[in-house]
Every structure is written in structure tokens, then in C-alpha cells.
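The structure appears right after this line, and notes come after that.
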């Protein structure tokens, strides 16, 4: 029969001897794992600190420089590229802001000049804004008012027409355009059209291009919601209602797309022009030798259908057709 106490004493003695030996070799003992102690001869570097892990007889060493630099650093080339990208983005963001600030300042000065009846200064200010490719119905409207007050009918009609293209439902623009057209010497009667054609054109022009685009988006959403409710609804009445709502919304979506495209093409491909010459004879051919057909005056709006050798073929609202010099009109 073995003597357990004797075995314990021998083991304890060996443990003490081994501890002294480890201290001389710069080693530290590990955790106690049971009745006897065991040791892991690991030398701790000077530039590292030890962290005990959850497992027995193990130590985790984390370098000090890794703990200080918790963020991952990019290479110098990538960091430099990111800085240049940030600078470019900042410039692109600041440029429109600076332009808008300059536009607002110039507009305020032009508005003040108009109120003080300095119409030439107001015209100069509004024209300067338009040269910066700033498109605004309000600026064209104010410019038309300044030209009208200055007694220049053709430029006022031109800017009223351009403002009306950007804001076709603006009643102030419509009224001032009609008022300016009263100063035009020519009285051209339009060719009568069938009533349903007039109604159709009025419906298409009821909204601007942006308005019809929003109408298309909303109707498409309604159509999708209606079809989803139709698919997952269990009630017969609800399924019938959502089906009709979805179909009607799809039809209105198609009509909205059609109307938006029509208005966009009318705005982009508008071939109308305003006569700037005080008096001009329309010819039967694109040269001075052509026969005189009719006379038109400053401020009249004509449709341009063709161009040849510095001459343009125009058509009036009453159907009359003739050729006039290209430099005698300005496109709307």
C-alpha cells in the first residue's frame, strides 16, 4: 500500500526546487492546475505585456505598439489619393454655392434697379444672370418686364415666351404676354381647330413636364399597391376595387408619360421665333429676287420650318408661308 503523504511531501519538495530554478532563469510559474503545480517556461519580452487568457496554462501576448494603434492605417499613396478626392469633392460642392450667391446678389441689384425705374441697369443685371446658364422663369419674366417698360417690345415678348415655357401655368406671365402682344402691329388670326383637338391640347398642357413626371410616379405607385392588394386580398369586393384602381392607375401612368414627353419635346424642339426687325417682307424664295408675299413687323411670333443660305422659311398661324433673312428673328 502506497503512502500518499510521503508522495505529497516528495512532490512539494520537488516543486520548491523547481521554483527556485525557474526564478534564476527568469521564468514564472503558471496557474495551479490541480494538486500539484505545473509550469510553462515562457520568457516575456521587454516590449510586450502578458495577458492571461481564459484557458489554463496559457498566456496571450499583445505587443504594446499594436494596442496603441487600434486603427488600421492606409499606405501613404492611398491616403494621399483620398485627400485629393476630398479636395475635389469640396471644390465641386463650393462652386455651385458660390455661383448661387453671386446670382442672388446680381438679382437683388437688378430688382432694386427695376423698382427705381433704372430699366437699362435692370436689363443688364438680368442678362448677366442668364449668361451664367442660370435658367429661371422668374428671371426671364422680370427681364421681359424691364424690356417692356423700356419700350422694347420684341425682347419683352421673347422673354415672356421663354418664361412661359418654363412655367406654362403662371397667370402673371400669360397676362403680361397678352399685354405685350397688343403692341404688335400684325393681327394674325389662327386657323380654327376642331373642339376635341383643342381640348386634348389643353389637357396635355395642364401640367409642366415635371408635373406630369410626378403624376406618372404617383400613379405607378398606386397601380403597384392596387395590384398587390388584389393579389393578397380575400374579400371579393376588395379584390374588385383594387383591380379597377390598379388598371386605371396604369392607364393614367401611360398618359402621364405621353404628356410629359410631349411637353418636353415642345420645350426642347420649339421652332418658334420672334421677329426683331421693325418691318420685313416675306419672299417667295430664299433670296432678294423672290416675290414679296406679305409684310410682318417687330414682335410677331412665327414658326420656322426650314433654313437655306442665311434664309429661313417661316409659317404664320393663319397658314401663310414665306422666306425671310435668318438674322431678322431670334429663336424662343
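Listing for the model above:
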{"item": "Most to least packed among 207-219, 279-291 [average Cβ atoms within 10 Å]", "result": "207-219, 279-291"}
{"item": "Computed FRET value (nearest 0.05) for residue 326 with residue 185, which takes r as the C-beta separation and R₀ as 22 Å", "result": "0.50"}
{"item": "R0 of 35 Å, Cβ-Cβ distance residue 243-residue 271: FRET efficiency to nearest 0.05", "result": "0.20"}
{"item": "Where labels lie 7 Å past Cα in the beta-carbon direction, separation of residue 196 and residue 315 in nm", "result": "2.3"}
{"item": "The range 195-258: radius of gyration over Cα atoms, expressed as a fraction of 2.2 N^0.38 Å", "result": "1.36"}
{"item": "Kirkwood Rh (inverse of mean 1/r, distinct Cα pairs), the range 272-331, angstrom", "result": "11.0"}
{"item": "Packing rank of 140-148, 307-315, where each peptide gets the mean count of other beta carbons within 10 Å, highest leading", "result": "140-148, 307-315"}
{"item": "Residue 285/residue 109 FRET efficiency (R0 45 Å; Cβ-Cβ; nearest 0.05)", "result": "0.40"}
{"item": "Residue 278 paired with residue 178, simple spin-label distance in nm, labels 7 Å along Cα-to-beta-carbon", "result": "3.1"}
{"item": "Binned Cα-Cα distance frequencies in the range 192-332 - 10 Å width, integer %", "result": "11, 26, 20, 18, 11, 9, 5, 1"}
{"item": "Rg(Cα) / (2.2 N^0.38 Å) computed for the range 97-181, rounded to two decimals", "result": "1.03"}
{"item": "Estimated distance in nm for a label pair at residue 229 and residue 120, the labels positioned 7 Å out from Cα along Cα-to-Cβ", "result": "6.5"}
{"item": "Cα centroid of the range 290-307 to Cα centroid of the range 156-179, whole Å", "result": "22"}
{"item": "From the C-alpha gyration tensor of the range 126-237, square roots of 5λ in Å", "result": "42, 21, 9"}
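Values in this text are rule-based calculations from the coordinates and carry no lab data. Please read these numbers as outputs of a predicted model, since none were measured by experiment. No Cβ is skipped: glycine too gets one built from the backbone with ideal geometry, and neighbour counts run over all protein chains shown.
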